[in-house]
Amino acid sequence: MAVTEAATAPEVEPEEHEHRVETGLPGEALPARYGGARAFGWWGMVWLIATEATLFALLIASYFYLRFRFGPPWPPDGIANPELALPLVMTVVLWSSSPCVHLAERGIQAGSQRRLRAGLAAGWVLGATFLVLTLAVEWPRTLKEFGPTTNAYGSMFFTITGFHAAHVVVGLAMSAWVQVWAWRGLYDRERHLSVQNFAMYWQFVDAVWAFVLLAVYISPRL
Amino acid sequence: MTGTATVTAPAPDEIEWRGEVVRRLDADWSEGGGLGSWIGTVDHKRIGLRYLYTGLAFFAVGGIESLLIRLQLAGPDLHVVGPEAYNQLFSMHGVTMMFLFAMPVLSGFGNYFVPLMIGARDMAFPRLNAFGYWMLLGAGLFLYSSFLFGDAPDNGWFNYVPLGDSRYTPGINIDYYLIGVILLGISSTGGAINFIVTILKLRAPGMTLNRIPIFVWGELAMSLQIVFALPALTLASVLLMLDRTFGFHFYDEARGGDPLLWQHLFWVFGHPEVYIVALPGFGIASAIIPTWVRRPIVGYTYIVIGELSVALIGFGVWVHHMFAVGLPNMTLSFISLASFMVAIPSAIQVFAWLATLVAGRPVLKTPLLFVIGFIVIFVIGGVTGVMFAAVPFDQATTDSYFVVAHLHYVLVGSAVFPIFGALYHWGPKVTGHLLDERLGKWSFWLMFAGFNLAFFPQHLLGLYGMPRRVYTYDADLGWSAYNLASTIGAFILGVGILVTAYNWVRSRRRGAPAGNDPWRGETLEWYTSSPPAPYNFVTVPTVRSREPMWDQPELAAGAQPPDAGGRPLTGGHLTLSTSPLDARPQAVVHMPHSTPWPFFLTLALLVVAVGVLLDAWPVAILGVLAAGAGLAGWYWPRGQTQET
């Protein structure tokens, strides 16, 4: 009996949380969980990202499937290799949003509203800049040469980059939502699951860009 | 193994603490009545029942479609329905049985029983749960609204291109299919994530990994497959919509696309889908057998490893649906090998069930009969499955009725028979009333005989060369007698199903009261009342055994006292969060209350769906904006719940 009781004894670090709730077991009070790596919502976001990552992986696999079915030359139909300069600038812009969002998350973990707001705002501006560069510069420039209905290569080019851009849009919307509440002082050291989940989603969107960049912009040169 | 709650008389001081706890829990967990509660409920049991009833209603619809198909094929040169209607019927029969019957009903049992079996007060994400149900209902009604216009999907459940592209099927039939499966994908992905997190994080203290009931393992394996398999179907459908609506060229071989891409993507989803439907059925069998043979399951660890291996290997066999399309021999060899391999973990489970039956004292009542029927039918389907893994045999019989026979033996075996067994095994827990045993036996034998009469002759038809999906056939081909037998069998099967439907309705009025634990089951769903209260358990139990109801006598009274480890956990909408591996208590979590926003979000997404279907883009944009408002309402911070 003593052994099994030990095996089911609470596993709680002290001083992590202030709010405790009595469970009704004699003398036992457990912390009320609002966030952190053990919150349900954190796990939910992990699995949402898992299924989204699968979607991206299959999309990029489909790109290479068509490329190898079609055979050289790739890009086909006399389309030139995609230019690299602007996408690399976009990469720098997007990836510099990652540390901003990370600092915002670390900020609220330390209880700093200022770092939370500043980090989120900077990340949002950088993400929005990336989006504008994609939709207003990179796409119009590409459309002069080919479009999504030109051939399967064009369909893939615009679908992969567009799908990633759509994720950036969702991330920016999430960030805007979190920022509204950050300015109203909703989050504190303990309760900031939305910040945490937004940050995880945003880092995912940034990480996926590495694969988009490799597949769409760099792989045709290899 | 003591008796039910009525047997053990609680001591006076126990009645005192218990009454107080129940009074507080009632106040914390009651959802009230009325329309608001009906639309907004987040109770996993109400939602689970809705999944169950909705899935069974679609089972009836899909069954009627199959009977119309069988009537059309009952004799040579019949014209019971027109050829165009026939195409729609067999397409919607497949879509309905896979997406609108099997998956919802198995999710329904999971929704209802996973929290009960792991000792939780609700699912991890109650509102996502409600959303998953509304999306299922919305997508089902959306798909069936196509019949109103005579434009139901008509290209089979796997909707191959180029037949499904806009050159060959310009109508909106295929658009209905594509949008419908994307909506269903949202529903089942949300549900799957909910199951995974619930099973990892909400298990009762002491329910370590090796004490999780096998049914719960089955739902976990199913959910993992959904998370990693459904994106393939979603992607395939989005790409085809882009082709059809905007003139993209993913599947257009003239412009560098490839129709085979559809087949690859579809079956990367489609083969795991078979196991998505089968694994929870296996889990039901493993839940029913120990109770009805009065001993713990033999080979628990091997069964769990078997389920997870099937789930894993299931991702590596999709090309065996494409053996006849002309792929390289090396590819065929690999996939053939993987397909043979699936037989091993499946057979391990079958042998474990048989060993449990032999080692125990079987009580041959309806639930166990359905499980034995499942084993017999599934083994026959498994044997023809191994035959298909051999490439030459597959190439000789592909697209024949042999395939139809095989897939019905596998799917009806592993889904329908366990589901009916579960209706008899778990029905009393859900309704509080026992089903009639005599009607149950009639139902089983009619279904078992009808099924085999309907589908065994189809093996022979396939070997004699009858292709699947044909509208009709000539009298001099020699197929008439087998087809007539098959049609008669299908109607007998239908009668057997109706007997259970009648039995269920009848039990709600005339069935004997079930009590907490009518079968002396071993898992925690029998620890609470039938039907359970909104909070599931008076005290969240501490588990010390894989068969807690057999090994922990203090559970029999329906409320483990605090000095034995039961946690009343009153003072709000609370559930316990435990560690994923060894289920140590970590924290108390405030759960959300009932809310209309999941329902609203579903309506908004249906507006988007209709807008996309009719190319009415302003409508679609309006729907997107409404969905944004719905999400804002959903996530609006309120009080203590976890979402902030």
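Computed from the coordinates by the stated procedures, all read-outs in this text should not be read as laboratory data. Just so it is clear, the model here is predicted, and its values are computed rather than measured. Glycine gets a Cβ as well: all are built from the backbone with ideal geometry, and neighbour counts include every protein chain shown.
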Label point 7 Å out from A:GLU28 along Cα-to-Cβ: which residues of region B:569-597 have amide N under 14 Å?
B:569-570, B:575-579, B:583-589
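Across peptide A:50-59, what mean number of C-beta atoms from other chains lies inside 10 Å of a residue's C-beta? Write out the running numbers ahead of the final one.
Working: counts 6, 12, 3, 2, 9, 6, 2, 4, 11, 5.
So the per-residue partner count for this stretch is 6.
Over chain B, what is the mean sequence separation of C-alpha contacts under 8 Å (at least six apart), divided by residue count, expressed as relative contact order in percent?
Working: 1129 pairs, mean separation 130.4, N = 644.
Computed value for chain B: 20 percent relative contact order.
I need the Kirkwood Rh of chain B: take the reciprocal of the average 1/r across all distinct C-alpha pairs and report it in angstrom.
25.6
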Among the aspartates and glutamates, which have Cα under 17 Å from the Cα of A:LYS144 when same-chain residues fewer than 8 positions away are ignored?
A:ASP77, A:GLU83
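Could you put B:MET330, B:MET103, B:MET123 in order, starting from the residue whose Cβ has the fewest other Cβ atoms within 10 Å?
B:MET330, B:MET103, B:MET123
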Using alpha-carbon positions, the gyration tensor of the protein assembly as shown gives root eigenvalues a ≥ b ≥ c; with a/c under 1.5 called rounded, otherwise prolate if a/b exceeds b/c, else oblate, the class is oblate
Quick query: amide H of B:LEU574 versus all other amide H atoms, modeled in the peptide plane; which residues come in under 5 Å with a sequence gap of 5 or more or a different chain?
B:MET591
Inter-part distance where region B:526-551 and region B:462-516 are each reduced to a Cα centre, Å
38
If the cut-off is 26 Å between C-alpha atoms, which lysines fall inside it for B:LYS201, apart from same-chain ones fewer than 8 positions away?
B:LYS45, B:LYS429
On the first, second and third principal axes, largest extent first, how far apart are the outermost C-alpha atoms of region B:526-639 in Å?
63, 29, 28
Relative contact order for region B:31-119: what percent, with Cα pairs under 8 Å and sequence separation of 6 or more?
47
Test item: Cα-centred dipole of chain B, Lys/Arg +1 and Asp/Glu -1 on Cβ, debye:
1420
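Based on the Cα atoms of chain A, what semi-axes does the equivalent ellipsoid have, where each is the square root of 5 times one gyration tensor eigenvalue, given in whole Å with the largest first? Walk me through the numbers before you get to the answer.
Working: eigenvalues 391, 94, 27 Å².
Each semi-axis is √(5λ); the values are 44, 22, 12 Å.
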Modelled label-to-label distance, B:ASP615 and A:ARG20, 7 Å Cα→beta-carbon offset: nm?
6.6
Cα-based equivalent ellipsoid of region B:289-341: semi-axis lengths in Å, sorted from largest, via gyration tensor
35, 10, 7
Quick one: check the C-alpha center-to-center distance for region B:362-436 versus region B:239-299, whole angstrom.
18
Evaluate E = 1/(1 + (r/R0)^6) for A:TRP177 and A:LEU222, where r is the Cβ-Cβ distance and R0 equals 41 Å; express this FRET efficiency to the nearest 0.05.
0.55
Using a simple charge model, +1 on the beta-carbon of Lys and Arg, -1 on the beta-carbon of Asp and Glu, nothing else, what dipole does the protein assembly as shown show about its Cα centre, in debye to the nearest 20?
720
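Could you tell me the relative contact order of chain A? Use alpha-carbon pairs under 8 Å, at least six residues apart, and round to a whole percent.
That works out to 28 percent.
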Add -39500 (n - 2.57) for each DSSP H run of 4 or more in chain B, then divide by its residues: what number comes out at 222 nm, to the nearest 500 deg cm²/dmol?
-21500 deg cm²/dmol
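Based on the mean of other Cβ atoms within 10 Å per residue, sort peptides B:458-466, A:23-31 so the most packed one is first. Let's see the in-between values first.
Values: B:458-466: 19.1, A:23-31: 17.2.
Ranking, from highest mean packing down: B:458-466, A:23-31.
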Using alpha carbon centroids, what distance separates region A:56-103 and region B:179-204, in Å?
31
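Looking only at other chains, what is the average number of their beta-carbon atoms within 10 angstrom of each beta-carbon in B:229-238? Can you show the working numbers first?
Numbers: counts 2, 3, 10, 6, 1, 4, 10, 2, 0, 4.
Across B:229-238, the average partner-chain Cβ count within 10 Å equals 4.
Can you give the mean number of other chain Cβ atoms that lie within 10 Å of the Cβ atoms in peptide B:582-592? List each step's numbers first, then the result.
Working: counts 3, 3, 7, 9, 9, 15, 10, 9, 4, 1, 0.
Taking the mean over all residues of the peptide, I get 6.
Which semi-axes, in whole Å and largest first, does the equivalent ellipsoid of region B:435-573 have when worked out from the alpha carbon gyration tensor as the square roots of 5 times its eigenvalues? Don't skip to the answer; put the middle values down first.
Details: eigenvalues 510, 61, 36 Å².
After diagonalising the Cα gyration tensor, the semi-axes are 51, 17, 13 Å.
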Segments B:156-165, B:182-191 sorted - mean Cβ within 10 Å per residue, highest first:
B:182-191, B:156-165
